[in-house]
1. Hey, can you list the DSSP H helices of the chain whose Cα span along the axis is 20 Å or longer and whose average Kyte-Doolittle score is at least 0.0?
2. Can you give me the pair-distance distribution of the stretch 28-207, C-alpha pairs, 10 Å bins, whole percents?
3. Counting other beta carbons within 10 Å of each Cβ, put ARG110, ARG34 in order, fewest first.
4. Any idea how far the Cα center of the stretch 38-116 sits from the one of the stretch 176-211, in Å?
5. If the chain between LEU28 and LEU8 were fully stretched, how many nm would it gain, using 0.36 nm times the residue separation less the Cα-Cα distance?
6. Could you please rank ASP135, ASP85, placing first whichever residue has the fewest other Cβ atoms within 10 Å of its Cβ?
7. Local charge sum around LEU25 (other residues, Cβ-Cβ under 15 Å, Lys/Arg +1, Asp/Glu -1)?
8. With 10 angstrom as the radius, rank LYS42, LYS73, LYS190 by how many other C-beta atoms surround their C-beta, starting from the fewest.
Amino acid sequence: NLQHGKNLLGAFHHPRGVFSDPRALRTLTPRAFRSGLAEIVKMGVIRRPAILARLRRLGSNGDVAPLVRAAAKEKAWYVSRDPEDRGIRRELNFGHTVGHALEASLGYRRLMHGEAVSIGMVAALRMSVRHAGLDPEPAAGVEDLLRSLGLPTRLRRTPGRAFWSALERDKKRGRSPLRMVLSPAIGAAKTYDLPSLTSLRGVISSLVQKP
């Protein structure tokens, strides 16, 4: 992570093992715990809808260990098939195009990563309804789930120039004005190259809280 954006420099090494101790979650503040749930929601949207159903039953205070395992298993599926992030692994960026731009424009201080991704997922869901054929009803259902988990789904104010500048530096952008991972149906994801920022500007405006 650099001042110009997130995930701009890195190296690729497969781990010899992955160890997750759910007891470590007890050390988190409630806000940090909720922030982490956003990435679990993402996995439900892009690949495994059953995760969303389990989260709805669980709420934000239940035993999340099975969900951590499920989300990690799905991420391993992506990483093992595309270790250098050149193809299908890009689906993991669902919600992160807007989320990373929000984080960068706010100096990585005001929003936690999961909070920014939560807002970014709402933007991606609304863009998916417009451009990928996603049914509005399940899209609204995911928004409701995010709110029920205590995650933000709205912006306090309209993002300024810093947000749009950060969006232009997004590593996924390619040659198109906007490249976003969208969901044509809950449980699926695909990368879309969009011809302009006009539609996203409208979606971002729809996320700003009314005074």
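1. The qualifying helices are 30-46, 113-131.
2. Taking every Cα pair in the stretch 28-207, the percentages come to 10, 40, 38, 11, 0.
3. ARG110, ARG34
4. Their Cα centres are 17 Å away from one another.
5. That pair, LEU28 and LEU8, stretches by 4.5 nm at full extension.
6. Least to most surrounded, the residues fall as ASP135, ASP85.
7. Combined, the nearby Lys, Arg, Asp and Glu give +2.
8. LYS73, LYS190, LYS42
Taken together, the values in this text are just the output of simple stated rules run on the coordinates, not laboratory data. Model, not experiment: these values are computed from the prediction. Don't worry about glycine lacking a Cβ; one is built from the backbone with ideal geometry, like all the others, and counts go over all protein chains shown.
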